[in-house]
Amino acid sequence: MVAGLRDGDCLVVTSKVVSKAEGRVITVPDVKAKQAAIASEARRVLRRRGDLVITETRHGHVCANAGVDLSNAPDGMAVLLPEDPDRSARRIRDVLRARGLVAAVVISDTFGRPWRRGVVDVALGVAGLSAVIDLRGTLDTGGRPLEVTEIAIADEIAAAAELVMGKARGVPAAVISGLDPSWLGPGSGADLIRPPHEDLFR
């Protein structure tokens, strides 16, 4: 059992520990090997500046270096993103269910954000949680209908969990309690990816 985890909570697990458990660790002896790994993990390259490459991964996420990460990996090794983060989240949720716990699961990773300084953890994989809460059609405090408001609940949960896990503490998971029960239910990390026809920058 995960200490402190109760029914209705959300378990947030870093993608790095999931990837290591799933064998998504490769040897990168030099820069050329790293570049080859990025190319194999990327669906397309969006921008390059020096050694920095902004890519769209095969999952549809836009991030640096297609998620190929040398930090917190043994020398000469790199950790790739999970092959299917939603599937990974479902597997963890199913293990918890088998042990009698009904909890949501989020697989998180650290991304930069366009036009914003700093990095923040976001949700790559989601199970048992609505990744996006659609408030369109509801009323604001002034009684006006909301027209575009969709809340990325799974990303907010991932970011909150990172405050506990930290970047250099070696804490691979955190429990988020006190969720609104209406947030629990079917959802996936794929729900957070904006469809191409809505992307103004393509």
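Each reported figure results from applying straightforward, stated rules to the coordinates on display, with no laboratory input. This is a predicted model, so every value here is computed, not measured. A quick note on method: Cβ atoms are made from the backbone with ideal geometry, for glycine too, and the neighbour counts reach across all protein chains shown.
Expressed as a whole number of Å, what is the distance separating the alpha-carbon centroids of segment 87-130 and segment 45-85?
For segment 45-85 versus segment 87-130, the Cα centre distance is 18 Å.
Would segment 138-186 count as rounded, prolate or oblate if I go by the C-alpha gyration tensor, calling it rounded below 1.5 in a/c and otherwise prolate when a/b exceeds b/c, oblate otherwise?
In terms of gyration-tensor shape, prolate.
Of all alpha-carbon pairs in the chain, indicate the percentage at a distance above 32 angstrom.
Numbers: 3848 of 20301 pairs.
More than 32 Å apart: 19 percent of the Cα pairs in the chain.
If Lys and Arg each add +1 and Asp and Glu each add -1, what is the summed charge of the other residues whose beta carbon sits under 11 Å from the beta carbon of ALA127? Kindly include the intermediate steps, with their values, before the conclusion.
Details: positive: ARG87, ARG90, ARG91, ARG93, ARG97; negative: ASP86, ASP94.
With Lys, Arg at +1 and Asp, Glu at -1, the net is +3.
Could I have the simple spin-label model distance between ARG87 and VAL102, label points 7 Å from Cα toward Cβ, reported in nm to one decimal?
Label-label distance for ARG87 and VAL102, simple model: 2.7 nm.
Let's test the formula: R0 of 30 Å, r as the Cβ-Cβ distance of ASP140 and VAL171. What FRET efficiency results, to the nearest 0.05?
0.20
Mind ranking 115-123, 135-143 by how tightly packed they are, going by the mean number of other C-beta atoms within 10 angstrom, highest first?
On the way: 115-123: 14.9, 135-143: 8.8.
Top to bottom by mean Cβ count within 10 Å: 115-123, 135-143.
Which trypsin sites (Lys or Arg not before Pro) in segment 17-102 pass both tests, a DSSP loop state and at most 13 other beta-carbon atoms within 10 Å?
ARG99
Once you have all Cα-Cα distances for segment 25-81, histogram them in 10 Å bins from zero and send the whole-percent values.
Percent of pairs per bin, in order: 27, 56, 17.
Filter the GluC sites (Glu not before Pro) in segment 48-149 to those in DSSP coil with at most 12 other Cβ atoms within 10 Å of their Cβ, and list the result.
GLU147
So, R0 is 22 Å and r is the distance between the beta-carbons of ASP199 and THR149; what FRET efficiency does that work out to, to 0.05?
0.75
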